[in-house]
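J.: Mind having a look at this structure? Questions to follow.
Since every read-out is calculated from the coordinates, none of them should be taken as a lab result. As the structure is a computational prediction, the values presented were derived from the model and not from experiment.
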Amino acid sequence: MFSLQKTGEGYYLATLRSSHSVFKRADSTHLKHLLSDVIKAHREISVNIKGIRSIEKEAYSILEDIKQHADAKKCKIKFINVDPQVFPAIKKLLAKKVQLQDELEQV
């Protein structure tokens, strides 16, 4: 599961404390619950996923929900210590905001 630490004014660090290499639905559900009170405008949350080598489909879906919620609140979420095996999935998750902005500019 995750622990949450305030690292500065408006800055937070969520760190995965488990030693397993698969990011599971329970992990993302716990992260969503943990961040629900922290996601606010002009904050930055770093999510340390060191050791994760794969992400379950259900867990990824919840990460998308977290990212969408953060984007709506103008809160920045970034992932640190990302393993090369999960980098494409995390990159895709973070790129969704850029795609959304591009879509809005076309309207």
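J.: Gain in length, A26 to T7, computed as 0.36 nm per residue apart minus the alpha-carbon separation, to one decimal in nm?
T.: Working: separation 19, 0.36 × 19 = 6.84 nm, distance 2.49 nm.
Full extension from A26 to T7 adds 4.4 nm.
J.: Could you name the lysines in cross-link range of K6, using Cα to Cα under 24 Å and dropping any fewer than eight places away on the same chain?
T.: Of all the lysines, those that pass the test against K6 - Cα under 24 Å, at least 8 places apart if same chain - are K32, K40, K50, K67, K73, K74, K76, K78.
J.: For I55, which sequence-distant residues (separation of 5 or more, or a different chain) have an amide H within less than 5 Å of its own amide H, given hydrogens modelled in the peptide plane?
T.: Hits under the 5 Å cutoff: F23.
J.: Quick one: what Rg and Dmax do you get for the stretch 7-66 from the alpha carbons, in Å?
T.: 11.8, 34
J.: Using only alpha carbons, build the gyration tensor for the chain and give me the equivalent ellipsoid semi-axes, biggest first, whole Å.
T.: Details: eigenvalues 93, 63, 28 Å².
Three semi-axes, in Å: 22, 18, 12.
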